[in-house]
1. Take the range 2-43 and flag every residue that is in a helix (DSSP H, G or I) and among the small types (Gly, Ala, Ser).
2. Six or more apart or on different chains, Cβ atoms under 8 Å: show the pairs whose first residue is in the range 26-47 and within 21 Å of GLU11 (Cα to Cα) and whose second is outside any helix (DSSP H, G or I).
3. Within the range 44-59, count every residue that is within 17 Å of the chain's Cα centre (by Cα) and part of a helix (DSSP H, G or I).
4. How about the range 23-46: which of its residues are at negative phi and exposed (fewer than 10 other Cβ atoms within 10 Å of the Cβ)?
Amino acid sequence: MEKAVLKKEVENMLDDLPDDANWDDLMYKIYVRQSIEQGLKDSEAGRTVSHEDVKKKYKLAE
C-alpha cells in the first residue's frame, strides 16, 4: 500500500474514533481492519472452506 494511501486510511480510522478513545480502541480497530482485509485476500485466492465442510469436519448437526 502506498504511504499516502495508508496515511489517509489511518486518518479516517482516527476520525471515526470517539473523543474518549484510548490506545486499545485504536489497536482493536486496526486489528479488525487487518483481519477483514486478510479474509478478503484469502477469499479471492480461493483459500476458503465451505460451511458444509466445516460441519462435516467437526461433526455438527445439520
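Values in this text are rule-based calculations from the coordinates and carry no lab data. Quick caveat, the model's predicted, so the values are computed rather than measured. Heads up, the Cβs are rebuilt from the backbone with ideal geometry, glycines too, and the neighbour counts pull from every protein chain shown.
1. As a first pass, look at the range 2-43 and keep what is in a helix (DSSP H, G or I): 3-16, 23-43.
Correct list: ALA4, SER35, GLY39, SER43.
2. What qualifies is LEU26/LEU17; LYS29/LEU17.
3. Adding up the residues that qualify gives 1.
4. To start, the set of residues in the range 23-46 that are at negative phi comprises 23-45.
Within the range 23-46, TRP23, ASP24, GLU44, ALA45 qualify.
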